[in-house]
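Worksheet: one structure, shown below.
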Ligand SMILES: [Zn+2]
């Protein structure tokens with residue numbers, strides 16, 4: 001008889017996705033996140049994107065290279081849904097704002113949030 005320990009006592013606290021290595025499962029999860037973001041912000045395209053990116057990071061962690069599953073999830077999200085890291089997103093928002101589009105993906109005439117009423 002032999003005893004095998006299955007307890008991992010030194011799990012890191014930060015979110016690191018421990019998947020099954022199944023590409024289909026990872027794809028299904030990323031698809032689900034995007035569906036959730038679309039349902040929540042059906043009219044604000046850039047809000048959908050930033051919410052989607054947040055769900056990705058909350059689940060898979062900030063380090064896109066931490067393991068194969070995570071790397072695959074981010075590659076899939078970029079390919080299909082234009083995933084952007086927070087830095088990339090900030091930059092895209094700043095670029096858009098300079099072109100007259102606010103963080104809601106709207107213009108000065110259409111945004112109800114007063115994004116363009118800064119002085
Ligand atoms: Zn706005």
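The values are calculated or read from the model by the stated rules, or taken from the named source; none is laboratory data. Since the model is a prediction, treat every value here as computed from it, not as a measurement. Here the Cβ positions follow ideal geometry from the backbone for every residue, glycine too, while neighbour counts run over all protein chains shown.
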Original post:
Scanning segment 16-44 for residues that are surrounded by 14 or more Cβ atoms within 10 Å (Cβ to Cβ) and part of a loop (DSSP other than H, G, I, E, B), which turns out modelled with the highest pLDDT?
Top reply: 41
Subject >> Breaking point among (1) away from the ligand (no atom under 14 Å from the Cβ); (2) surrounded by 12 or more Cβ atoms within 10 Å (Cβ to Cβ); (3) touching a residue at least 40 places away in the same chain (Cβ under 8 Å), for residue 47 >> reply: (1)
Original post:
Filtering segment 96-110 down to residues that are near the ligand (Cβ under 8 Å from one of its atoms) and without any contact (Cβ under 8 Å) to a residue 60 or more places away in the chain, which residue is farthest from the chain's Cα centre (by Cα)?
Top reply: 102
